[in-house]
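K.L.:
Got a structure for you, written out below as structure tokens; questions coming shortly.
The values are calculated or read from the model by the stated rules, or taken from the named source; none is laboratory data. Fair warning: this is a prediction, and the values are worked out from it, not measured in the lab. Cβ placement follows ideal geometry from the backbone for every residue including glycine, while neighbour counts extend to all protein chains displayed. Areas reflect the complete protein model, heavy atoms only, side chains present, ligands, DNA and RNA absent. Shrake-Rupley method; radii C 1.70, N 1.55, O 1.52, S 1.80 Å.
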Amino acid sequence: MGLIKMTKYRTLLLATIGFNFSFLIWFSFAPFTGPMAEEFGLTTAEIGILASSAIWMAPFGRMLTGWLSDKFGAPTIFAIVLAYVGVFSMASAFIETYSLFFVTRIIVATAGITFVIGIQHVAEWWEEENLGLAEGIYAGVGNAGAAGGALILPRVFGSGWSGPLFSTNWRAAFFYTGIVSIGLAVAYYTLGEAAKTEEKRQATKDNASFKDWIHTATRYGTVVLALAYVMTFGLELSMNGWLATYYREAFNQDNLVIASTFAATFSIAAGLLRPIGGYVSDVLARKEMDILPFFEGRYREQWTFVSLCLVVVTMFGMTLAGLSGVLMNAVVVGFLVGTACAFAEGSIFAQVPAMFPNSSGAVAGVVGGVGTVGGIVYPLFYSAPWLANLHLGYSVAAVTMIPIVLLAAWVFRPEIAKVANTAGFVGSTNATETVASGDD
């Protein structure tokens, strides 16, 4: 029993470290958009496309790796992704043409698909009553890797940096982070164990057919949580890749380190506060506390709905803060947006493995994969040439989130929520899963 407990915590630690670095390398371009734009002759709109491109492979990649993790085990899949990401990151440091550089960075950006692998790995080891907190710690500390990249990389590889291979700072950053990624791949494969018991591993593997994937991908619970993740994690991705540029361009802040530091405050909130979202969901479910009478008896759903509403409100606030013309107003509200994202993301991934205990990888892949679409679309709003200024894009994004919140209000009603893992848009029931969330 003691060995299982020790391995459970080691799994959480290993997954968290792996994902934290994956997030760092995923957004390692963001602190260097200025120098890269200068070297390759990019416009602000083209920088927005580069930020968007970092997400292009994530939707399909997360869906695929979530299913592969169920089928072959998380340690193997996590190690494979970290290894090839490291190789292409190192290669991108030597490329001189922008078109080829663009392609290699898209491949490096698939580091973001590791999120669902770690979600599945943690779910295979942690019990349901503490799953929200465990997944929140994993995802929250892992997501903070973006903040680590914004804070660490410009300082380690600053404008005055020089080394034996590179004279430009961002090329050195890409090369050495690639080396670390390969090292972590070896560590994950060596130290990781796929599941708590062989029975648990087999039950997950048995639910990894394509037919099972189609079924779980079309349940009401999967669909609404995936769309909710568009407006939370997708939003987080977009802000991670954009805020340094926004603070620099919209407020005429030309100091790279300062702009990246301001942007990191969002990433810190969105990452490190995420365990709170999962913990609150766990507490409401354990104590059967109703905070929204309209969703009586659906404890996790109530907290998710509240946090989604908070995201919309703070995004409108982001536009108002920007229009005030005061940089620190935008930084403070940006931190609040990150906080709202953290609470919502933690609550969403407290629901996913609790709702689908034997298909956590597949469902996490769908939710995490579809959720990244926000990271592709929202940067295009922020830098759209038809906007009067760079502050208005946040409100445009907020308006598109309102239908998702309304859909969540429908699915989270008690009569729908209690069968949300068995009723859906294709087919009807699946006996391998339990009643949604267990909140009856």
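K.L.:
Per residue of the chain, what 222 nm ellipticity follows from adding -39500 (n - 2.57) for every DSSP H run with n ≥ 4, rounded to the nearest 500?
P.N.:
It lands at -24000 deg cm²/dmol.
K.L.:
Here is a further query. Pull out the extension gain between T197 and Q253, defined as 0.36 nm times the separation in residues minus the alpha carbon to alpha carbon distance; nm, one decimal.
P.N.:
Roughly 14.8 nm would be gained on extension.
K.L.:
Also, I was wondering about something else. Pairs of alpha-carbon atoms within less than 8 angstrom and 6+ residues apart define the contacts here; what relative contact order does the range 41-142 have, in percent?
P.N.:
35
K.L.:
Averaged per residue, what accessible area in Å² does the chain show with a 1.4 Å probe, protein chains only?
P.N.:
36
K.L.:
Would you kindly give the portion of the calculated P(r) for the chain that falls above 36 Å, as a percent of all Cα pairs?
P.N.:
22
K.L.:
Next question, about the same structure. So how compact is the range 224-300: Cα radius of gyration and Dmax in angstrom?
P.N.:
Taking only Cα atoms of the range 224-300, I get Rg and Dmax of 17.4, 52 Å.
K.L.:
Oh, and also: If you roll a 1.4 Å probe over the range 81-193 with all protein chains in place, what percent of the accessible area is carbon or sulfur?
P.N.:
The nonpolar share, carbon plus sulfur, comes to 72 percent.
K.L.:
Right, next: Take the range 1-86, compute every pairwise Cα distance, and split them into 10 Å bins from 0; I just need the percent in each bin.
P.N.:
14, 35, 28, 16, 6, 2
K.L.:
Further question on the same structure: Can you give the direction-averaged projected area of the convex hull of the alpha-carbon atoms in the range 199-336, in nm²?
P.N.:
Average of the hull's projected areas for the range 199-336 equals 11.5 nm².
K.L.:
Sticking with this structure for a sec: How many nm is it between the label spots at L100 and L13, if each spot is 7 Å from the Cα in line with the beta carbon?
P.N.:
Here the modelled spin labels are 4.2 nm apart.
K.L.:
Give me the Debye-computed log₁₀ of I(q)/I(0) at q = 0.21 Å⁻¹ for the range 282-329, equal point scatterers on Cα only, no solvent, two decimals.
P.N.:
Rounded to two decimals, the profile gives -0.68.
K.L.:
Additional query: Please list the equivalent ellipsoid semi-axes of the range 80-200, computed as the square roots of five times the alpha-carbon gyration tensor eigenvalues, in descending order and whole angstrom.
P.N.:
So the three semi-axes of the range 80-200 are 33, 16, 12 Å.
K.L.:
Over the range 182-331, what is the relative contact order in whole percent, taking alpha-carbon pairs under 8 Å and six or more residues apart?
P.N.:
It rounds to 15 percent for the range 182-331.
K.L.:
Give me the lysines in straight-line cross-link reach of K8: C-alpha distance below 18 Å, same-chain residues under 8 apart excluded.
P.N.:
Cα-Cα hits under 18 Å: K196, K200.
K.L.:
Just to be sure I understand the curve: with the Debye formula and one point per C-alpha of the range 272-365, what is log10 I(q)/I(0) at q = 0.11, 0.16, 0.17 Å⁻¹?
P.N.:
-0.39, -0.70, -0.76
K.L.:
Could you work out how far helix 44-53 tilts from the main Cα principal axis of the chain, as a 0 to 90 degree angle to the nearest 10?
P.N.:
30
K.L.:
For the range 20-65, take the alpha-carbon Rg, divide it by the Kirkwood Rh, and send me Rg/Rh.
P.N.:
Ratio of gyration radius to Kirkwood radius: 1.06.
K.L.:
Moving to a separate point now. Compute the whole-percent fraction of alpha carbon pairs in the range 256-318 spaced more than 18 Å apart.
P.N.:
Counting pairs separated by more than 18 Å, the tail of P(r) holds 50 percent.
K.L.:
Ok, one more. Taking one equal scatterer on every alpha-carbon of the range 171-239, how large is log10 of I(q)/I(0) by Debye at q = 0.12, 0.13, 0.14, 0.25 1/Å?
P.N.:
-0.69, -0.79, -0.87, -0.95
K.L.:
In the P(r) worked out for the range 86-156, what percent of Cα pairs fall beyond 21 Å?
P.N.:
I get 46 percent for the Cα pairs in the range 86-156 exceeding 21 Å.
K.L.:
Of the listed peptides 33-44, 213-224, what is their order by residue-averaged count of other C-beta atoms within 10 Å, with the highest listed first?
P.N.:
By packing density, highest mean first, the sequence is 213-224, 33-44.
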